[in-house]
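The values are calculated or read from the model by the stated rules, or taken from the named source; none is laboratory data. As the structure is a prediction and not an experimental result, all values here were calculated from the model. Cβ: placed from backbone, ideal geometry, glycine included. Neighbour counts: every protein chain shown. Heavy atoms of the whole protein, side chains included, go into the accessibility calculation; ligands, DNA and RNA do not. Shrake-Rupley method; radii C 1.70, N 1.55, O 1.52, S 1.80 Å.
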Amino acid sequence: MVLAAMLTVVCSTEVAAQGLLQGPKVHSDNKVEFTVRAPEARQVQVDIGGMKYDMDKSERGIWTVKTQPQVPGFHYYSLVIDGMSVADPASPSFYGCGRWSSAIDIPEPGMDDFEIQDVPHGEVRIVNYYSKVEESWRPLMIYTPAGYDESKEELPVVYIQHGGGEDHRGWMEQGRTAQIMDNLIAKGKAKPMIVVSSNSNVHHRSGGFGGGYSWEGMQTFRSELIDNVIPFVEKNYRVRKDRQGRAMCGLSMGGGQSFYIGLRSPEVFANVGVFSTGMFGGIQGASNFDLEKEVPGILTDTQRFNQQLDVFFVTCGEQDPRIEYTRNIVKKMRDGNVQVRFNSYPGDHEWQVWRKSLHEFVQYLFR
């Protein structure tokens with residue numbers, strides 16, 4: 001049986017006739033109600049937050065279920081139709097976890113900066129640059145603050161990196177970068193700045209991939225960023241070209257890239273943010289992380305290391321398996337007099353933690 005014949009979205013006229021809502025509905029208690037029309041399916045489930053919920057079928061072939069309360073933040077989910085996992089056609093899809101997935105957002109009280117507000121709005125521009133590493137055209141998403149086109153001021157830049165299984169769209173879509181920046185700039189809590197989100201899934205034409213938690217493994221993407229992305233931005237946008245006017249940050253895989261590339265390229269970056277990286281531990285293959293070996297001088301020439309950085313900021317979710325390893329490495333750095341800021345937030349390895357990380361990081365920058 002063809003899946004498309006089994007699963008259809010409840011159309012607007014049918015919604016009105018049956019009193020149903022199209023797509024997921026978030027209730028005031030953070031329970032989520034799902035409605036799916038699949039009259040020929042034998043079983044329909046919703047897979048969200050690591051739990052599968054069996055849906056109940058009506059005589060009209062409408063399947064419904066209400067989940068347990070979901071924690072605030074961004075949640076990928078799938079429909080499971082007779083054992084096959086698919087995206088929900090009644091919900092927006094986002095690229096994450098290596099595929100297109102449906103998702104919902106549970107609002108968190110007090111985090112209005114993640115929402116669109118009545119403030120001046122910047123723009124997210126989608127552009128393409130030529131990569132000499134891949135020998136092909138590649139995309140960038142670039143946030144410019146309100147008033148950029150009218151101003152003559154050269155602005156500082158944050159180069160922000162996504163995690164594994166994501167791409168350049170993650171920070172601008174799931175991460176709500178534009179909303180965060182618009183609101184903080186309007187309140188005077190962050191300086192006007194440009195944010196550049198690139199796709200770090202880079203394959204060198206001569207072999208080699210831009211990943212791996214080692215200095216050697218970072219070289220492909222380091223070349224892409226420093227030799228291709230930054231020159232493109234500095235040629236085509238009105239930006240500062242000094243190291244104090246550049247920052248690099250990222251989540252998970254991007255946190256590892258920011259740690260290695262940012263900290264070992266002080267001639268390029270004076271500001272580094274490392275969010276939820278697994279290289280300190282908490283993921284398979286990560287163990288016995290040697291700070292001095294990975295960043296020469298961080299413990300043996302600490303005064304010079306500190307002088308090279310304006311901001312060094314590390315975060316992790318409090319329910320993330322990486323948290324204790326991250327706390328331990330931060331303690332080791334602080335015991336060695338490394339000037340590092342640290343914060344943790346409620347949550348696992350997920351977007352609400354990373355939104356909060358960015359929200360805090362940019363308030364420290366370019367002061």
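So what is the calculated 222 nm ellipticity per residue for the chain, using -39500 (n - 2.57) for each DSSP H run with n of 4 or more, over all residues, to the nearest 500 deg cm²/dmol?
Working: 11 runs with 82 residues, N = 367.
So the helix-based figure for the chain works out to -6000 deg cm²/dmol.
Counting only DSSP beta bridges with both residues in the chain, what percent are antiparallel, rounded to the nearest 5?
The answer is about 65 percent antiparallel.
What is the magnitude of the charge dipole of segment 90-130 about its Cα centre, with +1 placed on the Cβ of each Lys and Arg, -1 on the Cβ of each Asp and Glu, and no other charges, expressed in debye to the nearest 20?
Roughly 420 debye for segment 90-130.
Whole-Hz ³J(HN,Hα) for each residue in segment 225-231, computed from phi via Karplus 6.51 cos²θ - 1.76 cosθ + 1.60 with θ = phi - 60°, x for glycine and proline: what do you get?
5, 7, 9, 10, 5, 4, x
Along the charge dipole of the chain, Cβ charges K/R +1 and D/E -1, which of 221, 69, 277 sits furthest on the positive end?
Working it through, the farthest residue towards the positive pole turns out to be 221.
Ranking request for peptides 323-333, 216-226, 119-129: highest mean number of other beta-carbon atoms within 10 Å first, then the rest in descending order.
216-226, 323-333, 119-129
Quick one: with all protein chains in place, what share of the accessible area of the chain is carbon or sulfur, to the nearest percent (1.4 Å probe)?
Answer for the chain is 47 percent, counting heavy atoms of protein chains only.
Run through all the Cα pairs of the chain and give the fraction in each 10 Å bin from 0, expressed as whole percent.
5, 23, 29, 23, 14, 5, 1, 0
Can you give the charge dipole size of the chain about its Cα centre, rounded to the nearest 20 debye, using +1 on the beta carbon of Lys and Arg and -1 on the beta carbon of Asp and Glu?
Numbers: 38 positive and 45 negative charges, 140 e Å.
Around 680 debye, computed over the chain.
Determine ³J(HN,Hα), in whole Hz, for all residues of segment 109-114 in sequence, where each value follows from phi through the Karplus function 6.51 cos²θ - 1.76 cosθ + 1.60 and θ = phi - 60°; x replaces Gly and Pro.
Calculated HN-Hα couplings, in order: x, x, 10, 5, 5, 8 Hz.
Does segment 106-197 come out rounded, prolate or oblate, given a ≥ b ≥ c as the square roots of the eigenvalues of its C-alpha gyration tensor, rounded meaning a/c under 1.5 and, failing that, prolate meaning a/b above b/c?
Oblate, since a/c reaches 1.5 and b/c is not below a/b.
Can you give me the long-range amide H partners of residue 161? Hydrogens built in the peptide plane at 1.01 Å from N, cutoff under 5 Å, separation of 5 or more residues or another chain.
Here the answer is 249, 250, 251, since their amide H atoms fall under 5 Å of that of residue 161.
For residue 59 and residue 152, compute 0.36 nm times the residue count separating them, minus their Cα-Cα distance, and round to one decimal in nm.
27.1 nm
Any chance you could tell me what percent of the C-alpha pair distances in segment 127-259 go past 23 Å?
Taking all Cα-Cα pairs of segment 127-259, the fraction more than 23 Å apart is 31 percent.
Can you flag which of 191/241; 31/191; 152/241; 187/332 are past 26 Å Cα-Cα?
Those over the limit are 31/191; 187/332.
Give me the net charge of residue 141's neighbourhood, meaning all other residues with Cβ under 14 Å from the Cβ of residue 141; Lys, Arg count +1, Asp, Glu -1.
Counting the neighbours of residue 141, the net charge comes to 0.
Using 0.36 nm per residue of separation minus the Cα-Cα distance, give me the extension gain between residue 115 and residue 216 in nm, one decimal. Mind showing how you got there, number by number?
Details: separation 101, 0.36 × 101 = 36.36 nm, distance 3.92 nm.
The residue 115-residue 216 span can extend by a further 32.4 nm.
Report the Rg/Rh value for segment 223-367, based on alpha-carbon coordinates and the Kirkwood definition of Rh.
0.96
For residue 63, what residues show an amide H to amide H distance below 5 Å, using hydrogens built from the backbone and excluding near sequence neighbours?
Sorted by chain and number, the residues that satisfy this are 36, 37, 38, 58.
Taking +1 at the Cβ of each Lys and Arg and -1 at the Cβ of each Asp and Glu, which of 80, 233, 197 sits farthest along the dipole of the chain towards its positive end, judged by Cα position relative to the Cα centre?
233
Per-residue HN-Hα couplings for segment 287-304, Karplus 6.51 cos²θ - 1.76 cosθ + 1.60 at θ = phi - 60°, whole Hz, x for Gly and Pro?
6, 6, 5, 9, 4, 5, 5, 7, 10, x, x, 4, 10, 9, 9, 5, 4, 5
Order these peptides, 136-149, 49-62, by their mean beta-carbon neighbour count within 10 angstrom, highest first. Intermediate values should be presented prior to the final figure.
On the way: 136-149: 17.1, 49-62: 13.7.
Highest-to-lowest ranking by the protection proxy: 136-149, 49-62.
So what is the accessible area of the chain per residue, in Å², with the probe set to 1.4 Å?
Ligands and nucleic acids excluded, the result is 44 Å² per residue.
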